[in-house]
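Below: the structure, in structure tokens.
We did not get these values from a lab; they are worked out from the coordinates using the rules stated. Please read all numbers here as calculations on a predicted model, not as lab measurements. Neighbour counts are summed over all protein chains in view; Cβ atoms, including those assigned to glycine, are modelled from backbone coordinates with ideal geometry.
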Amino acid sequence: MVGDATHNPSLTDDHYWYYADYNTITYSWRVAADQLTFQLWYAPGGSWGNSYAGNIGNNQYNDANTGDIIAYDWGDGYGWSHVALEVGTGRDDTSGWVGDLVDAHTSDHLHAYWTLQPYNSKYLNTTTVRTMHISASN
């Protein structure tokens, strides 16, 4: 269930995903790990794909399809730190890298190279990336 503010659920309950205003935002809307939990539980439904670790900048392509989620763990001890949506393939306008592209709402990364290189230079060698396939059948 996606839920909404009229039902007044706990904002920490990952069964709900909504943004009503700045003070009424579920964790599953704004926290990467909670968003992944929500996606595994609810439509369209997610399932884990491959994991890539270490120097991810050397990987040109991943196993994500357009519409899938890519999760990032910077390796800083805080777990899943970021999520982005696979939007296709092409050239990253900022870096010029060619390959799978993602969009992410934080830092307004649109059509960024999927490893987030060069945006992720601080954690590039410690980042673990994992794809989450989203089922189109739901």
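Computed values, structure above
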{"read-out": "Prolate/oblate/rounded label for the range 47-134 (Cα gyration tensor, a/c 1.5)", "value": "rounded"}
{"read-out": "Taking S10, S28 and counting other C-beta atoms within 10 Å, the order from fewest to most", "value": "S10, S28"}
{"read-out": "Which of S95, L110, S51, positive extreme of dipole for the range 47-134 (C-beta unit charges)", "value": "S51"}
{"read-out": "Cα radius of gyration and Dmax for the range 10-50 (Å)", "value": "10.6, 35"}
